[in-house]
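Undergrad: Starting off with a structure, shown below.
Each reported figure results from applying straightforward, stated rules to the coordinates on display, with no laboratory input. As the structure is a prediction and not an experimental result, all values here were calculated from the model. Here Cβ is always computed from backbone atoms with ideal geometry, including for glycine, and neighbour counts include all displayed protein chains.
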Amino acid sequence: MTSPSAGQELPAPAGQEVETAPHTGSISRRMMLIAAGWIGILLLVGGIALDRTLTGLIEKNFDEQLEYMLTAMIGAAEIGPDGEVFFNRPLGDQRFLEPNSGLYWQITGKGHEDFPSRSLWDRSLKLQGKHFGSDAQIYDSNQFADEPLRMIEQSIILPGSDTQWWFTVAASRGELNSQVARVRSILVWSFAVLGIGLFLLVVLQIWYGLGPLRRVRLAIQRMRTTGTDRVMEPLPLEIQPMVEELNALLAHSERQAAEARTHAGNLAHALKTPLTVVTNAANTGAPDLAATVLRESKVMRRQIDHHLARARAVGRRAIGHARTPVWESAEGVYRAMGRLYPEVRFDLDGNKEAMVAIERQDLDEILGNLVENAAKYGGGSVFMTVDVDPDAAACEIWVEDDGPGIPVGERTRIFDRGARLDTGKPGTGLGLAIVRDVAEIYGGSVGLTQSPDLGGLLVKLSLPRSG
C-alpha cells in the first residue's frame, strides 16, 4: 500500500459527517453579555444616585433635629445676676440628663466656665469657634475616641451681656450611621433582586426572540429528512426575508439541477444517433465506414462543443455579474470572420461604450455564431448595430445580412438543435441553438425578423446591460 503524496487529500471515510463551518460565537451569549453589562451599569449608576439621595435626606433630617434643639437652647437661655447663663425652662429631651446618652449640649463663653449638659458627665466639647455671628455650623467630630459626633454650633450675644456665647449641640453618629446602613442594605438587596429579575427577563426574551431561528433550523432539518423543498412555516417579519432568500436559493438550486439533468439528457440523446450510425456501419461492414466515422465524429464533436459552451455559461453565470464591452468583442469576431470569409463585407455601427453583463468568452461565442451564419448564408454583406436604444434596460445588438432570409413559419423551428434550412452548405444546425441557450442563461433573448435595409435575415439579440 502506498502512502498519499504531499498535498493530496484523502477521501472522507464512509459515514463520516461533513466538517462544519467555523462560527464566531453564540448570538445568545453576546446578547446576554451586552444586556448584563448594561443592566449592571444602569443599576450601579442608579444605585449610587439613589444612595446619595437617601443618605442625604437622612442626614438632613438628623441635622434639622439638631438645629431644632439648638434653637430651643438659645430661646431658653438668659443671663443671671452673676453674669452666668442659665435656662429659664428645662429642655424637653430626657437624654440631656442621662450620662453618656449620646446627646449633649454645651454653652461656652470667654471668661466663663463651660455650662455643659449632665449627659456629658466629666467630658467637654471642643468647639471650632469659627464664623462668629453667622448661621449655625454643622460638622462631624471625632474628639470622643469611642463615639463619633455630629455637632452644630452657633455664636450669639445674649441680652444683658457683652460676652460672646457659643451654643453647641452634639449627637452620636451611631443612630445616623445605623439608619444609613439599613437604607443601603435595603438598596443592595432590592437592586440585586431587580438585577437578577431583569437578567432572567432578558434570558427569556432572548430565548423567545431567537425561537424563529430555531424553527428555521428545524425546518431545514426536516427538508433533509422528509424531502420537503421549501420553508413554508409562518415567521416574524424580521426573519421572513431571510427565509424568502433561502427559498429562492433552493429554487435556484433546483433549476440548476433540472438544467443539469436536461443538459445531460440532451447530450446523451444528441450522441445516441451518431453512435448508432457508426455502430450499424461497423456491424454491417459498410465500405464507407471511415467516411461515416469521420462524418459522425464531427457531428458528435459539434454537439459536445455546444453542450460544453452551455455548461460553461451556466457556471460563469453562477460566479457573478461580468462586464464586457460589446464593441471590442464585435471587432474581434469581425477580424476572425474576415479571414474565413474574405469576400464578405463586414460593417459595424452603434454605441462603442455599450457594456453587457455577460462573460467575454460567451459573448464571443454568441456573436461568432450570428456573424458566421450571416456570412455563410448571406449575399456578401453583414451589418451589426450595437445598442439601438440607449434608454432601454437591455443592450440591443442587431445582426443582419442581404441573403434570402428565413420564412416566417420556419423562424421558430430554426432554433431547434440540428435544424437546417440550407443543407447544401456545411454545418450542424447548432449555431442559433447555442445563441439562444447562452443568451437565455444570462437573462437575454433572441428573435428573428426581416432586415428592412438589406432584405435578408435580421437577428435581434437582447442582453442585460451592465453599468
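Undergrad: If I model a spin label at Arg339 and Phe199 as a point 7 Å from the Cα along the Cα→Cβ vector, what separation in nanometres do I get?
TA: 7.8 nm
Undergrad: Skipping prolines and chain starts, which residues have an amide H placed within reach, meaning under 5 Å, of the one on Val85, given they are 5 or more residues away or on another chain?
TA: Gly80
Undergrad: Another one. Which ³J(HN,Hα) values in Hz, rounded to whole numbers, follow from the phi angles of the stretch 276-288 under the Karplus curve 6.51 cos²θ - 1.76 cosθ + 1.60, where θ = phi - 60° and Gly and Pro get x?
TA: My calculation for the stretch 276-288 gives 5, 4, 5, 5, 5, 5, 5, 5, 8, x, 4, x, 9 Hz in order.
Undergrad: Also: Ratio of Rg to Rh for the stretch 32-133, alpha carbon only, Kirkwood?
TA: 1.27
Undergrad: Would you mind putting 26-35, 146-155, 361-370 in packing order, based on average other-beta-carbon counts within 10 Å, highest first?
TA: So the peptides 26-35, 146-155, 361-370, ranked by packing, come out 361-370, 146-155, 26-35.
Undergrad: Let me ask something else about it. Label points 7 Å out from Cα along the Cβ direction at Lys298 and Asn142: separation in nm?
TA: Taking the two extended label points, one gets 11.3 nm.
Undergrad: Right, next: Work out the FRET efficiency for Thr412 and Glu245 from their Cβ-Cβ distance, taking R0 = 35 Å, and round it to the nearest 0.05.
TA: 0.45
Undergrad: Further question: How far apart, in nanometres, would the label points at Arg214 and Glu254 be if each is projected 7 angstrom from Cα along the Cα-to-Cβ direction?
TA: 2.9 nm
Undergrad: Can you work out ³J(HN,Hα) from phi for every residue in the stretch 290-295, in order, using Karplus 6.51 cos²θ - 1.76 cosθ + 1.60 and θ = phi - 60°, giving whole Hz and x for Gly and Pro?
TA: 4, 5, 5, 4, 5, 5
Undergrad: A follow-up question, please. Taking the Cα atoms of the stretch 189-250, report the difference between the largest and smallest coordinate on each principal axis, in whole Å and largest first.
TA: Result, largest extent first: 55, 23, 15 Å.
Undergrad: One-quarter of the Cα convex hull surface for the stretch 324-464, in nm²?
TA: 7.7 nm²
Undergrad: Could you rank the peptides 218-229, 329-340, 73-84, 98-109 by their average count of other C-beta atoms within 10 Å per residue, with the highest value first?
TA: Result, highest mean Cβ count within 10 Å first: 98-109, 329-340, 73-84, 218-229.
Undergrad: Can you order the peptides 439-447, 456-464 by their average number of other Cβ atoms within 10 Å per residue, highest first?
TA: Details: 439-447: 17.1, 456-464: 21.2.
Per-residue Cβ counts within 10 Å, averaged per peptide and sorted highest first, yield 456-464, 439-447.
Undergrad: Computed over the Cα atoms of the stretch 26-209, what is the convex hull's projected area averaged over all directions, in nm²?
TA: 14.3 nm²
Undergrad: How big is the gap, in Å, between the Cα center of the stretch 195-229 and the Cα center of the stretch 324-348?
TA: Cα centroid of the stretch 195-229 versus Cα centroid of the stretch 324-348: 60 Å apart.
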